[in-house]
Amino acid sequence: MKINKLISIIVILTLTVSCAKEEVKESIIKEKSLDAQMFEAYKEGKESLEGGDVLFAAKKFNEAEKLFPQSEWAPRSALMAAYSYYAQDYYGDATAELKRFVKIYPYHKNLDYAYYLMAIVYYEQIVDEKKDTESIINAKKSFQNVIEKFPNSDYSIDAKFKLDLIEDLLASKEMYIGRYYFDRKKWISAINRFRTVVDKYETTIYTEEALHRLVEVHYTLGLKEEAKKYAKLLGYNYQSSQWYENSYVIFNKNYKKRKKIKIKKENKKTIFKKLKSLFD
């Protein structure tokens, strides 16, 4: 009897150990299978993106992220999904993906890229500076975020360049409205718009014209001393400009304007590539 009991115990222990090994083996197989599925989904997403099927690409990248959320490939997949939407101008979807990325992966090494891409998404939605105020403001705030949060990144350099362009757009809008009021003899409203350009957007290309318009308005209203003040400011900063010459003519009717010399302007510096190659 004792021998039978001993044999039974040995058999039970053997079966238990065997089952445990099978469970461990099965668990490892499943883990490897999950890992393989994740890479397969990422690969399909990348191939679809390169083939132009951005919606399917985004779907596969999202799938890869969900399959293995603890993997370092999860945030990469999330960014690639955002880029997929951006690539074909699905701006709303791209923005949603990027906001989700920033929230879920606030310490990721490519966080600067996420903020930069979000700014680009807003920037590329600007069609008309006279109407697209929301897109302009969102782009401006987003580029400022890039500069403030990542001052030493490559994206900060391009963000500063884009901010200069946005400032020009905002100044352009003020000038457009100011001219509209000027043509309709709404002098005070015109003055306020031109003053905004001089005070708020003094580094833009529209400052010279704004100063000249202030000379015009005040001279028209009979406020010659005020007009002279703006003319002197214009002359001090832009004496060789066409706008200064136009203001000079207001006070000197017999002055003959110089003939315009056409100068071929160089193109502004090439904007950096929209996006860098990230996750091969």
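What follows draws every value from the coordinates through simple rules; no lab data is involved. Quick caveat, the model's predicted, so the values are computed rather than measured. Cβ atoms come from the backbone with ideal geometry, glycine included; neighbour counts cover every protein chain shown.
Structure notes:
- For the stretch 154-214, trypsin sites (Lys or Arg not before Pro) are listed when DSSP marks them as loop and at most 12 other Cβ atoms sit within 10 Å of their Cβ; the list is Arg184, Lys185.
- Cα gyration tensor category, rounded, prolate or oblate, for the stretch 171-251 with a/c compared to 1.5: oblate
- R0 of 30 Å, Cβ-Cβ distance Lys185-Ile205: FRET efficiency to nearest 0.05: 0.70
- Under the Karplus curve 6.51 cos²θ - 1.76 cosθ + 1.60, θ = phi - 60°, whole-Hz ³J(HN,Hα) for the stretch 204-210, x wherever Gly or Pro sits: 8, 6, 9, 4, 4, 5, 4
- Using θ = phi - 60° in the Karplus curve 6.51 cos²θ - 1.76 cosθ + 1.60, the 3J(HN,Hα) couplings for the stretch 45-54 round to x, 5, 5, 5, 5, 5, x, x, 8, 5 Hz; x is entered for Gly and Pro.
- Signed unit charges on C-beta, dipole axis of the stretch 144-228, positive-most listed residue Thr203, Tyr176, Ile188: Ile188
- Relative contact order (%) - the stretch 88-189, alpha-carbon pairs under 8 angstrom, separation at least six: 22
- Taking the stretch 171-251 and dividing mean pair separation by its residue count, relative contact order in percent (alpha carbons under 8 Å, at least six apart): 23
- Sparsely packed GluC sites (Glu not before Pro) within the stretch 163-226, loop by DSSP, other Cβ within 10 Å at most 14: Glu202
- The stretch 83-136 and the stretch 142-197 have their alpha-carbon centroids 20 Å apart.
- Each label point was placed 7 Å from the Cα along the Cα-to-Cβ direction; for Asp168 and Tyr236 their separation is 2.7 nm.
- Label-to-label distance for Glu47 and Lys160 is 4.4 nm, based on points extended 7 Å past Cα in the beta-carbon direction.
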